[in-house]
Structure formats: C-alpha cells, structure tokens
Amino acid sequence: MATRLAVNIDHVATLRQARMAPYPDPIAAAAIAEEAGATGITVHLRADRRHIQEEDVRRLGPRVRGTLNLEIATSEEMLAVAEELRPTQVSLVPERPDEVTTEGGLNLVGQIEEVRRAAERLRQAGVAVSLFLDPDPRQIEAIDHLGEGLVGGFEINTDRYTRAKDGDRSAQLEKVRVSARLGHQRGLRVYAGHGLTHTNVGAISTIPEIEELNIGHWLISRSITLGLHGAVTEMLAAMKG
Ligand code: PXP
C-alpha cells in the first residue's frame, strides 16, 4: 500500500493572520491539496490561535473529503473544542506558548494519567485518538498502559531525523524504523511527520509500517513557487521514490 499524505495547512492561516486579512483561505487550500491527491488534512489549533482558528476547523469539517486530523494539547479548552467539532481524529501534542513549532513528542511516560483522561473523553465523543511521540521505545511501549483500544495509533516525530547531519542520519532513521515496528506489533496505526521535505521523505515513506505522513511547512513554502497542487504532486512523487 502506498504511504498516504495528510497535508498540514496551518501556515496558510499563518499568512492570513500576519495581516489579519480574510485571505488566503485554509479551506480553499485543503480542497486543492485533496484534489492533488492528499488523503487527509491536518490543522493544529493552538492556545494562542497564532494560525488556525476554531472557525477554520468548523468550516473544514463538512468540506474535507478524507480525514480531518486536529492537533491539540490536552488542555480542558482544547478537549471541549474537539468534543464539539468532532474531527475524524485528534492528535494529542505537547505545546509550549513560546515555541516556534512543536518541539518534541508527548512525554507519555510522565503524563500517562493526563493522556488517558483526554483520550477517554475523545473516544467518548467518537473521535479517533493519535499521540505524537518521539522515536523512543519507552514512550511507545507506554501506550500499553493506557488501556486496550483507547488510542488507535501514533505519529512518530521525524524532526531529529530531518535535522541529522550525515554521520547521524542513519542512526536517527533506524530509531524511526524501530518505533514503527513497535507500533505495528501492537496493532496500532503508525504515522510520521515533522520537518519532512521532498528530499528527505523517501527514506521515511519506504518504511512499510508507516501508513501516513503529516507534512506542512515544506509544502506551503514550496507552493509559493509551484502552487499548492504542484507542491503536493511533487511530494507524492518523492514519496514513491
Ligand atoms: N506533526 C505534528 C504533530 C506537528 O505538530 C507538525 C507541525 O505542525 C507536523 C507534523 C508537520 O510538520 P512540518 O510543518 O514541519 O511539516
């Protein structure tokens, strides 16, 4: 099965919020990404609302044809939004107010109760739950302590791999591979993302256990020169090697 692509459209909203303008519209961008072959759309609703707004998620709901994946922190405020808007899936991510982007995976080992409570509420609302985790076996094995079926899958943080210098890249890639295998052995869906571009995606998209990639910043950047349809098409070709 070919690896699927979920396009993160946060930075379409970043551009809009930079001028507090009514454009560009993330919902129009989502339609173009799906038209070009993306099977899902991802947005991160941050506490500071620096890019995506609740209204964007509300409007995306009925318009996204594939999966709508909402990234949120485990805060009460965000859980209430997810319960109301009920996207296809929620990815629980750590969030620090002054970070430029998500800096690492959840510390599931240290926050197991907090994550369990959040996941239980989301499951109750009929929303699939995924966790953003570093490629660290301890974090992935901690899913076993959450309870059967509470979490459907997890997304491996590829940031370290994408930043690794030549000597370290294969070691970082191996961590992603091992993590993917650990997830698959547990019957979990395995996703990956962060920092992926059309030059570093090939090695990740050939890991058989990884079914879907979440890619945002590169695609929206690339769309300045290629257009979003062209950027998604280029990425899908790179994912096929
Ligand atoms: N996955 C998660 C959990 C993220 O927070 C992000 C960034 O919002 C991505 C994937 C996509 O990363 P990038 O924008 O670097 O492609």
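As a calculated quantity, the FRET efficiency between R138 and E35 at R0 = 35 Å, using C-beta atoms, amounts to about 0.30. Computed from the Cβ-Cβ distance with R0 of 51 Å, the FRET efficiency linking A28 to V109 stands at 0.80.
If you take the Cα centroid of segment 113-189 and the Cα centroid of segment 41-57, the two points sit 22 Å apart. Converting the Cα gyration tensor eigenvalues of the chain into ellipsoid dimensions via √(5λ) gives semi-axes, longest first, of 25, 23, 16 Å. Our estimate of slack between R63 and E83, defined as 0.36 nm per intervening residue step minus the Cα-Cα distance, is 5.4 nm.
Just so you know, all these numbers are worked out from the coordinates, no wet-lab data involved. The structure displayed is predicted, hence computed values, not measured ones. Counting neighbours? That spans all protein chains shown, and the Cβs are built from the backbone with ideal geometry, glycine included.
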